[in-house]
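The values are calculated or read from the model by the stated rules, or taken from the named source; none is laboratory data. Everything quoted here is computed from the prediction, not taken from an experiment. Quick reminder, even Gly has a Cβ in these numbers, built from the backbone with ideal geometry, and neighbours come from all protein chains shown. Calculation scope for accessible area: heavy atoms of the full protein, side chains included, ligands and nucleic acids excluded. Shrake-Rupley method; radii C 1.70, N 1.55, O 1.52, S 1.80 Å.
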Amino acid sequence: MFSGKGFLSGLVNVLSTGTFDPSQFFPSDPPSPRRPAVYAEQHESDEEKQFRRVFQQLAGDDMEVSPSELKNILNRIISKHEDLKTDGFSIESCRSMVAVMDSDSTGKLGFHEFKHLWNNIKKWQAIYKSHDADCSGAIGADELPNAFKAAGFPLNDQLFQMLIRRYCDDNGNMDFDNYISCLVRLDAMCRAFKTLDKDNNGTIKLSVQEWLQLTMYS
């Protein structure tokens, strides 16, 4: 029989054992708020305007990217990178990425949300490749701590073991799509925590509804 009390006590034990200092985490800034097209035309740089044109081609007339569209975009791109080991992004991982990046709760990614995700993926791809020491296309368990630290997340051993069980294969290797999916979620959850940690003391207090909203739509 499932025990909610046992599950929560186990999770709390993982988070409270060993050195764990949220102030050492450096999640990315949140995406820019959605702005009217007129504002964009007047204030965007040439680079942003060029990216917007590319985004329009990818997103279509509604100028938003759904989870299925994100899946197609990402898999089309990574298919061109033979040096990255991957089984491809699943629809479930793309739903999760859209959920944690969906700052205006539309169920899709607007221009700034997609641009934010895209920039993070490019940054994390460079880290992934630089920490793939044996050029296997995947990151081994021994390479993961430095790869996550370089991305701004110096995790303790207990949290690493939890991530290995969730995102690695049976040999402890993490391929590219799982690495990105993990970092998108980790980045968003750390950003949410820092937003809720008003006193900056490393603790937050949530109601049941806030807890469920934070954990279930992600």
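In the set Asp187, Asp197, Asp170, which member is farther than 21 Å from Gln125 by Cβ and open to solvent by less than 20 Å² (accessible area, probe 1.4 Å)? Working first, answer last.
Values: Asp187 fails: farther than 21 Å from Gln125 by Cβ; Asp170 fails: open to solvent by less than 20 Å² (accessible area, probe 1.4 Å).
Going through Asp187, Asp197, Asp170 in turn, just one is farther than 21 Å from Gln125 by Cβ and open to solvent by less than 20 Å² (accessible area, probe 1.4 Å): Asp197.
Counting residues in region 174-196 that are farther than 13 Å from Gly140 by Cβ, of a type in the set (A, V, I, L, M) and in contact with an Asp or Glu (Cβ under 9 Å, 6 or more places away or on another chain) gives one or more.
The single condition from (1) surrounded by fewer than 19 Cβ atoms within 10 Å (Cβ to Cβ); (2) in contact with a Ser or Thr (Cβ under 8 Å, 6 or more places away or on another chain); (3) not aliphatic (A, V, I, L, M) that Lys122 fails is (2). Taking the conditions (1) open to solvent by 50 Å² or more (accessible area, probe 1.4 Å); (2) within 15 Å of the chain's Cα centre (by Cα) in turn, Ser181 satisfies each one other than (1).
The helices (runs of 4 or more DSSP H) found wholly in region 99-200 and carrying at least 1 residues that are of a type in the set (Val, Ile, Thr) and modelled with pLDDT under 90 occupy 176-196. The residues on offer are Gln125, Gln209, and the sole one that is polar (S, T, N, Q) and free of Cβ contacts under 8 Å to residues at least 40 places away in the same chain is Gln209.
Within region 65-98, the set of residues being assigned to a helix (DSSP H, G or I), surrounded by 18 or more Cβ atoms within 10 Å (Cβ to Cβ), of a type in the set (A, V, I, L, M) and in contact with a Lys or Arg (Cβ under 7 Å, 6 or more places away or on another chain) comprises just one member, Val98. For region 128-145, the criterion of a residue being of a type in the set (Val, Ile, Thr) and surrounded by fewer than 17 Cβ atoms within 10 Å (Cβ to Cβ) is satisfied by no position.
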